[in-house]
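Each remark here refers to the structure printed beneath this line.
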Amino acid sequence: LATAFPWWEVPEEHEHAYLGEPKLQNGKQGLLIDPGAWSNLAGDNWVQLMAKKAFDAGLKPIQQKRPSPMSVSGVDVGNNKASWDVKLPIAITDVEGNTHVHEFHAPSVSGAGMSIPALLGLKSLMSQKAVLEMTDRAEYLTFPGPGGYTIDWSPGTKQHKLERADTGHLLLPCDC
């Protein structure tokens, strides 16, 4: 059998990788790129922190009460509720060093799920035609310009068609 999906032991310094809120080493906040999540999502802790940063920078976050709370499961512990939608100004620096202000839209989860990190989900990634490059120490999230992009795959490349689950998530079929 070909091993295309290996698993490695987690080094001691990364044992927290499966627990708690992911944070950048320099103390800055980030969006967790999560194509496994259908839509964006964020816990109240992250939302409040980023709202304060936005206000401090002279920018205005917006929150709007949802018509009815959204049930959120499969993230964090148990079944959580999101009663508010937020639009948060975020500042992102590109590889050329230019910083641009964007808006991050997401339901905000309170209660037991308030520590959920900010998830940049599949729906947003697809709407921007995002390309994820996942090479060790050279990982990039690219949003192509209006002309699109071209990828020249090398000989021996193996592509696998993903299928959409009824929840909207993409799955790699593995019981063929």
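The values are calculated or read from the model by the stated rules, or taken from the named source; none is laboratory data. Everything numeric here is computed off the predicted structure, so don't read it as measured data. Reconstructed Cβ throughout: ideal geometry from the backbone, glycine too, with neighbour counts over all protein chains shown. What goes into the accessible areas is simple: the full protein's heavy atoms, side chains included, and nothing from ligands, DNA or RNA. Shrake-Rupley method; radii C 1.70, N 1.55, O 1.52, S 1.80 Å.
Free of any chymotrypsin sites (Phe, Trp or Tyr not before Pro) that DSSP assigns to a loop and that have at most 11 other C-beta atoms within 10 Å, the longest stretch within the chain is 9-148. Could you tell me how many degrees, from 0 to 90 and to the nearest 10, lie between the Cα long axis of helix 44-56 and the main elongation axis, the longest principal axis, of the Cα atoms of the chain? Around 70 degrees separate the two axes.
Largest first, the residues V95, V86 sort by 1.4 Å accessible area into V95, V86.
Rounded to the nearest 20 debye, the dipole magnitude of the chain is 820 debye, with +1 charges on Lys and Arg beta carbons, -1 on Asp and Glu beta carbons, and the Cα centre as origin. For N79, nonlocal amide neighbours, meaning residues 5 or more places apart or on other chains whose placed amide H falls under 5 Å from its own, do not occur.
At most 14 other Cβ atoms within 10 Å and a DSSP loop assignment: could you name the trypsin sites (Lys or Arg not before Pro) in segment 115-176 that fit? Within segment 115-176, the qualifying trypsin sites (Lys or Arg not before Pro) (loop, at most 14 other Cβ atoms within 10 Å) are K129, R137, K158, K161.
Taking only the Cα atoms of the chain, the radius of gyration and Dmax are 18.1, 57 Å. Calculated mean residue ellipticity at 222 nm for the chain: -3000 deg cm²/dmol, from DSSP H runs with n ≥ 4 weighted as -39500 (n - 2.57), summed, divided by the residue count and rounded to 500.
Label sites at L132 and S71, each approximated as a point 7 angstrom past Cα along Cα to Cβ, lie 2.7 nm apart.
Fully extending the segment from L172 to S115, taken as 0.36 nm per residue of separation minus the present Cα-Cα distance, adds 17.6 nm.
Listed by chain and number, the lysines placed with their C-alpha closer than 20 angstrom to that of K65 are K52, K81, K87; residues fewer than eight positions away on the same chain are left out. Projecting the Cα atoms of L32, W84, S115 onto the charge dipole of the chain (Cβ charges, centred on the Cα centre) puts W84 farthest toward the positive pole. For segment 134-176, the per residue solvent-accessible surface stands at 98 Å², with DNA, RNA and ligands left out and a 1.4 Å probe. Rolling a 1.4 angstrom probe over the chain with all protein chains present gives an accessible area of which 55% lies on carbon and sulfur atoms. The mean sequence distance of close C-alpha pairs (under 8 Å, at least 6 residues apart), as a share of the length of the chain, puts its relative contact order at 25 percent. Suppose we keep just the DSSP beta bridges with both residues in the chain; what percent of those would be antiparallel, to 5? Restricted to the chain, the bridges split so that about 85 percent are antiparallel. If R0 equals 41 Å, the separation of the Cβ atoms of W153 and D56 corresponds to a calculated FRET efficiency of about 0.35.
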